[in-house]
Amino acid sequence: MNLEITSLGDHALVVSLADRVEAVAARRVQAACEWLASAALPGVAELVPAATTVTLFYSPTELLAAGGPTTDLAGWLAARVRERLATLPKASASRQARLVEVLVCYDGEFGPDLEAVAARANLSAEEVIALHSGAEYFVLQLGFSPGFPYLHGLPAELAVPRRDTPRTVVPAGSVAIANGQSGIYPIATPGGWNLIGRTPLRLFRPDQQPPTLLEPGDRVKFRVISFAEFERWEATP
């Protein structure tokens with residue numbers, strides 16, 4: 001396995017496992033993250049997988065207590081990470097990917113950028129909806145707000161850039177596309193992606209465990225619903 005390990009400040013290491021954002025690479029990252037987690041490496045407090053990397057956050061004090069040198073703690077831990085990943089089974093895969101159906105209403109105010117996306121792609125709004133809802137997506141990672149999924153699998157016809165001017169507020173549940181990916185805003189935040197629909201489902205649920213509806217490695221399918229169905233689902237506790 002080709003990998004690169006670099007320091008991120010004095011409390012973290014970034015393990016780079018791929019140089020392209022794609023589903024195969026993301027699955028490799030998730031498998032590596034789970035393999036590292038099962039090793040219970042000394043001093044490692046948290047493992048954070050992304051599309052091509054795993055970041056290890058560690059406690060220097062605990063590394064010293066575990067026998068790490070005072071001169072190069074990061075290098076000492078990096079060597080153990082390499083040793084562990086060298087034993088990652090070739091057929092290793094992350095947990096069985098579950099398929100999550102996400103309801104989305106593309107009507108009216110929920111898709112303020114739908115017509116602009118259609119015009120840019122030389123398609124009708126109906127064709128954009130059919131393409132977007134007809135694809136199957138893979139959750140590469142969660143970021144920039146709690147539970148925001150970066151979804152790989154957007155049809156090439158819909159690979160439009162971000163908006164020239166970001167919005168100061170994007171409503172929670174907004175389904176969006178930009179730069180070859182789709183995403184869903186879990187909470188109301190600023191954002192520059194193209195809004196084409198909205199889901200009544202709660203993606204960030206801090207009162208539940210796990211607190212996010214989607215997790216890295218999940219497969220996602222969008223199901224088109226009407227405005228009336230959206231209102232019924234939104235009213236469901």
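The values are calculated or read from the model by the stated rules, or taken from the named source; none is laboratory data. Small disclaimer: the values here were computed from a predicted structure and weren't measured. Virtual Cβ from ideal backbone geometry, glycine too; neighbours counted across all protein chains shown.
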Expected output for the range 187-209 (first residue in a strand (DSSP E or B), partner among the acidic types (Asp, Glu), Cβ below 7 Å, 6+ apart or cross-chain) is Asn194/Asp113; Leu195/Asp113; Ile196/Asp113
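Every residue, every condition in (1) touching a His at 6+ places or on another chain (Cβ under 9 Å); (2) in a helix (DSSP H, G or I); (3) buried (at least 20 other Cβ atoms within 10 Å of the Cβ), yes or no:
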site: Ala26; (1), (2), (3): yes, yes, yes
site: Ser38; (1), (2), (3): no, yes, no
site: Thr71; (1), (2), (3): no, no, no
site: Thr87; (1), (2), (3): no, no, no
site: Ala97; (1), (2), (3): no, no, no
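Applying the selection to the range 43-62, what residues are at pLDDT 90 or above and part of a loop (DSSP other than H, G, I, E, B)?
Hits for the range 43-62 are Gly43, Ser59.
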**OP:** Tell me, please, whether a residue that is in a strand (DSSP E or B), outside the structural domain of Val29 (by TED's automatic domain parsing) and either under 18 Å from the mean Cα position of the chain (by Cα) or of a type in the set (Asp, Glu) (or both) can be found in the range 157-166.
**Re:** no
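Going through the range 200-231 one residue at a time, which ones are of a type in the set (Val, Ile, Thr) and under 17 Å from the mean Cα position of the chain (by Cα)? Spell out the reasoning first.
Quick first cut of the range 200-231, residues of a type in the set (Val, Ile, Thr) only: 212, 220, 224-225.
Listed by number, the residues that qualify are Thr212, Val220.
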query: Do the conditions hold for Val29, that is, is it among the β-branched types (Val, Ile, Thr), in contact with a Pro (Cβ under 6 Å, 6 or more places away or on another chain) and farther than 22 Å from Asp10 by Cβ?
result: yes
(1) touching a helix residue (DSSP H, G or I) at 6+ places or on another chain (Cβ under 9 Å); (2) surrounded by 14 or more Cβ atoms within 10 Å (Cβ to Cβ); (3) of a type in the set (Gly, Ala, Ser) all hold for Ser133 apart from (1)
Given (1) in contact with a strand residue (DSSP E or B) (Cβ under 9 Å, 6 or more places away or on another chain); (2) buried (at least 16 other Cβ atoms within 10 Å of the Cβ), Gly143 misses just (2)
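Which residue out of Leu73, Leu47, Leu13, Leu63 is touching a Cys at 6+ places or on another chain (Cβ under 8 Å) and touching a residue at least 12 places away in the same chain (Cβ under 8 Å)?
From the options Leu73, Leu47, Leu13, Leu63, the qualifying one is Leu47.
Listed here are the residues, each with its yes/no results for (1) farther than 18 Å from Glu215 by Cα; (2) in contact with a Gly (Cβ under 9 Å, 6 or more places away or on another chain); (3) assigned by TED's automatic domain parsing to the domain that holds Val224; (4) at pLDDT below 95.
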residue: Ala119; (1), (2), (3), (4): yes, no, yes, no
residue: Ala135; (1), (2), (3), (4): yes, yes, yes, no
residue: Gly143; (1), (2), (3), (4): no, no, yes, yes
residue: Pro146; (1), (2), (3), (4): no, no, yes, yes
residue: Pro155; (1), (2), (3), (4): yes, yes, yes, no
residue: Asn179; (1), (2), (3), (4): yes, no, yes, yes
Given the conditions (1) in contact with a Phe, Trp or Tyr (Cβ under 9 Å, 6 or more places away or on another chain); (2) hydrophobic (A, V, I, L, M, F, W, C); (3) assigned to a strand (DSSP E or B), every one holds for Phe138 apart from (1)
Residue hits (the range 173-201; crowded, with 17+ Cβ neighbours inside 10 Å and over 24 Å from Val21 (Cα atoms)) are Gly173, Thr189, Gly197, Arg198, Thr199, Pro200, Leu201
Of (1) within 17 Å of Leu131 (Cβ to Cβ); (2) part of a loop (DSSP other than H, G, I, E, B); (3) among the hydroxyl-bearing types (Ser, Thr, Tyr), Ser182 satisfies every one except (2)
